[in-house]
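One structure below.
Laboratory data are not the source of any read-out in this text; all were calculated from the coordinates shown. None of these values were measured; they are calculated from a predicted model. Here the Cβ positions follow ideal geometry from the backbone for every residue, glycine too, while neighbour counts run over all protein chains shown.
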């Protein structure tokens, strides 16, 4: 499961309500940063700026969905550079998203001379599957509900359905839409299309932040690299995410073609047709649209019309 991106955005947008899940109950979230540290242009996942009782400190989060034995060394490096960056205390936490991602991974960065331990730097660890989904369902806030599919017992359709109902009952539509998108994204990686359609309404899928995120990303990159480039990135992101949700069975066959498309209008057409067509029809659309468009452009109607009068004049 590719869980890193939705969880990053969930913490960026709903960080305050998620603080108890990372060992920071009672703190106030004062800001969220995505920090580029000078380590081969690597970017840390998420940095929360926290406040309590007049104190300010930072909680650096690394989200890990796959096993990586290099996590301790990498986090040690990130932490040292972040401390220098902020000139403040930075606490690093590795948030393991899927069972097995922590297998045989050390919980500290250790340096030895021979068998002698000469230095040890420890980091906090959160394993989401060790937190019961009932805790998120009882939280009364939107953010924790987005974590439900990764929490203990939260992978069952009945529990996800409870999370959907809780979200629908919350007063803030904006917050609910943010979290609903994460819920949809994680559930789509676990269940087939039929189950997804029973769990979520189509309008919830279409209105989720994944597609708004594509628009936001396009706008941000458009400012830096040109509006057209930003629109293209946005359209690709939206189209790819919709295909993963609505046509997961055939998604691997067409995602490369979507990524290779350089025409925002073509991508927008695919986006509009995506919810309407069957898997087979949508594959046909994406696979054949470009070639048919090229054929039409080579033989235009005005050229044929112009040829007929010329022939008639020759007969006279």
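When peptides 268-274, 105-111 are ranked by their average number of other Cβ atoms within 10 Å per residue, the highest-first order is 268-274, 105-111.
Once the Cα-Cα distance is subtracted from the 0.36 nm per residue extended length, the residue 51 to residue 99 segment shows a gain of 14.1 nm.
The Cα atoms of the stretch 1-135 cover 45, 35, 29 Å along the three principal axes, with the biggest extent listed first. Using a simple spin-label model with pseudo-atoms 7 Å out from Cα toward Cβ, residue 5 and residue 84 lie 3.2 nm apart. With both labels modelled 7 Å from their Cα along Cα-to-Cβ, the residue 110 to residue 67 distance reads 1.9 nm. For the stretch 117-187, the calculated P(r) over all alpha carbon pairs, in 5 Å bins from 0 to the bin holding the longest distance, is 3, 18, 27, 21, 11, 6, 4, 4, 4, 2, 1 percent.
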